[in-house]
Amino acid sequence: MKLHPADLSRAETAGVLQAGQADALWRFLAAEAAAHPSFRFAHVLYYLGGMIAIAAMTLFMSVGYQTWGPMVLTVFSVCYGFLAWRLGVFFLGRQLIIPAGILFTLSIALVPLAVYGIEAALGHWEVGGRYSDYHHYVDWRWLSMELATLLAGSVMLWRYRLPFMVMPVAVTLWYLSMDMADWLLTGLSVDDWGDDWLLRKWVSVVVGLMMLALALRVDLKSQHTRGDYAFWLYLFGLLAFWGGLSSMNSGSELGKAIYCAINVGLILIGAVLARRAFAVFGGLGVTAYLGHLAYGLFKDSLLFAFALSLIGLAIVFAGVWWNKHGEALGARWRRAISPKLAALIGSRQP
């Protein structure tokens, strides 16, 4: 049911509301609707335009660097970031939360470009390392850009507290996990560790766990605030943790069974926290393990196709069962683990 100011005015005339309450109630409902916007076609345009503007910076850097040099691009990125910030403030003042958050995010995304221009002017990037490679290749020299982005993102979040602004912070933390491993390897030889890729994987796992712990803390601290500030931290924390874990090639069946148990644990954590991302990553890991078992047991056999089919059907039936009982189980586990956590999830769910 949709409400209009005229509806509240009629309620006030009929005596349901006291004199003067209709206008105050409408302002309150308008503010709540702005804080919890429903998804509309206009929102698609908001996000599409924002993503195009952010992606354009990489393309512009690739072309503009050769034309104008690094310092001109630094000045451009600072001015463009300032303009995005001012537009964000303008939209925020008019309760347009989503475009404001996207423009603040754009201003944060321009920070590594500005830092890169300064470093390039100082000769830091004379050997390799184009800015267009920032999102594609691991290089410990990106660390200064990532730390500056984290600092800027933290300040912006402290000042404006809009959930979408967590996205560049979470992405940067994910990048940081990979580039930090590369930085550690600059002081080690392969013989020191045995396998340089193994170190990279473990750093990814540890940083992913730290991001998940941070996301849980943010989740608990934001119980009485509007917006989901932990979503992006959960997502990219899972990418770092699950990606590093899944890339480790255990040579023993015990190691593979432990990997499966960890993924089952992710599914259960997803039920407790009411976070679907955990269930998605955990489900992928369990499916991979079941596929390994099917391939090992039925290798070079026609039964392999039937085994895979049974696995697929079992997952479908598991989804049906979970759809029926998962919510009740998750609520029961939350109450058993922490009443505060149960209250948090209850306040977040519709």
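Figure the gain on full extension for Ile52 and Arg86 (residue separation times 0.36 nm, minus the Cα-Cα span) and round it to one decimal in nm.
Contour length minus Cα-Cα distance gives 10.3 nm.
Cut-off is 10 Å between beta-carbons; in what order do Ile118, Ile108 appear when sorted fewest neighbours first?
Least crowded to most crowded, the residues run Ile118, Ile108.
Please rank Lys324, Lys221, Lys256, fewest neighbouring Cβ atoms within 10 Å first, as an exposure proxy.
The most exposed by this proxy come first: Lys324, Lys221, Lys256.
So for Val206, Val115, fewest C-beta neighbours within 10 Å to most, what's the order?
Val206, Val115
First measure r as the distance between the Cβ atoms of Trp68 and Ser154, then evaluate 1/(1 + (r/R0)^6) with R0 = 30 Å and state the FRET efficiency to the nearest 0.05.
0.45
Can you give the Kirkwood hydrodynamic radius of the range 141-248 from its Cα pairs, in Å with one decimal?
14.6 Å
Bear in mind that the values in this text are calculations on the coordinates, not laboratory data. As the structure is a computational prediction, the values presented were derived from the model and not from experiment. Positions of Cβ are backbone-derived with ideal geometry, glycine not excepted, and every protein chain shown enters the neighbour counts.
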